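Comments concern the structure below.
The values are calculated or read from the model by the stated rules, or taken from the named source; none is laboratory data. Being a predicted model, the structure only gives us computed values, none of them experimental. Positions of Cβ are generated from backbone atoms using ideal geometry, with glycine treated the same way; all protein chains shown enter the neighbour counts.
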Amino acid sequence: MNYRLNLLIVFIELIGLGVNAQTTDLARVEFLNVPLSKSDNSIQRYRILMQSPIPLKKGRSDFFVVGAEYRYLDVNIKDDNDKLAFGSHQVSSIKRISLYLGYTWKYSDEWRLGMKVGAKVQSDLESSLIADDFTYEVGVYAINDKRKNVPKGKNPYRLIAGLTYSTTPGRWLPLPILNYYEEFHPNWTFTIGVPKTNIRHYLNDNHKDAIQAFATLDNDYANLQQNFVPISIQSSGTKVAESIQTTIVLTGLGYEHFFTDHLVFYAYAAHSVYNNFRLEDGDGDKIYQINSRKSPYFRAGIKFKY
């Protein structure tokens, strides 16, 4: 992979970490499976998310938002070479627990503004919590939502833009947020943004079923409480593994069934175009690559969305 493509992947990953925080889901239960190609390794992830908007003023113009998310990543590393690289420091699972508070208010007839602060525990949790298990995030954003009050001569749309900052190692700069959604036909919509860009087609006029083609980013990160030097590079003695991370860029097809306008079952089947499962040092630099082969990807769940 050439230098310019590496820079593009990093840029997509960084923006995705910011945009992913601005989900309109109120609740989500999800399962993911990634059987890593040409190996006995695999990743399964279980995810639960809940957000509760609390109106503060009459007319529902200002909201206080309380949110929480839990992710459990089951890491199955069975290849002999990978076991040799890890030695006795085998990583079997990583966890992420996120808690955050937000506030959003109507700035004008066109724009709604918001801000958010949050804390995450991202770790293998092999022992009691330590300082490196925690990361913190703050963000500001603006939303122009014209899905219902559509301007004359335009299609229904929604634009989200903003800026977010996280203390995750290797991501020291504020990152942009940009996401645009439009209904360009009674049975067609598209979204341009990161972590997901898609085009959706409803199979019926009551919008109960839909298929979509998409490109998206998936990412997980965790601190390793017991830092170690992978056996394959122990001769140098300088590169210490302090975290584990997976970054997947993929394209695929999805199906959605809308029980109501807000309650949705979804199932996605995809294949990665870029896969980087790796160990990193304390500065977020890769020191050992566990897997880079392009792999199939399956995800399904139920969500209740705004």
*Which of the following residues is out of contact with any Gly (no Cβ under 6 Å at 6 or more places or on another chain), of a type in the set (A, V, I, L, M, F, W, C) and modelled with pLDDT of 70 or more: L5, L56, L14?*
L56
*What number of residues within region 192-204 are out of contact with any helix residue (DSSP H, G or I) (no Cβ under 9 Å at 6 or more places or on another chain), part of a strand (DSSP E or B) and either of a type outside the set (S, T, N, Q) or closer than 16 Å to G162 by Cβ (or both)?*
5
*Can you pull out the residues in region 80-133 that are modelled with pLDDT under 95, surrounded by fewer than 18 Cβ atoms within 10 Å (Cβ to Cβ) and basic (K, R)?*
K83, K106
_Considering only residues that are basic (K, R) and surrounded by fewer than 14 Cβ atoms within 10 Å (Cβ to Cβ), which ones fall in region 134-149?_
R147, K148
*When the residues of region 198-218 are filtered to those that are at pLDDT 95 or above and within 17 Å of the chain's Cα centre (by Cα), which remaining residue is surrounded by the most Cβ atoms within 10 Å (Cβ to Cβ)?*
N198
_When the residues of region 106-130 are narrowed to those that are assigned to a strand (DSSP E or B) and among the small types (G, A, S), which ends up farthest from the chain's Cα centre (by Cα)?_
G114
*Conditions: (1) in contact (Cβ under 8 Å) with a residue 24 or more places away in the chain; (2) part of a loop (DSSP other than H, G, I, E, B). A267 meets all but one. Number of the miss?*
(2)
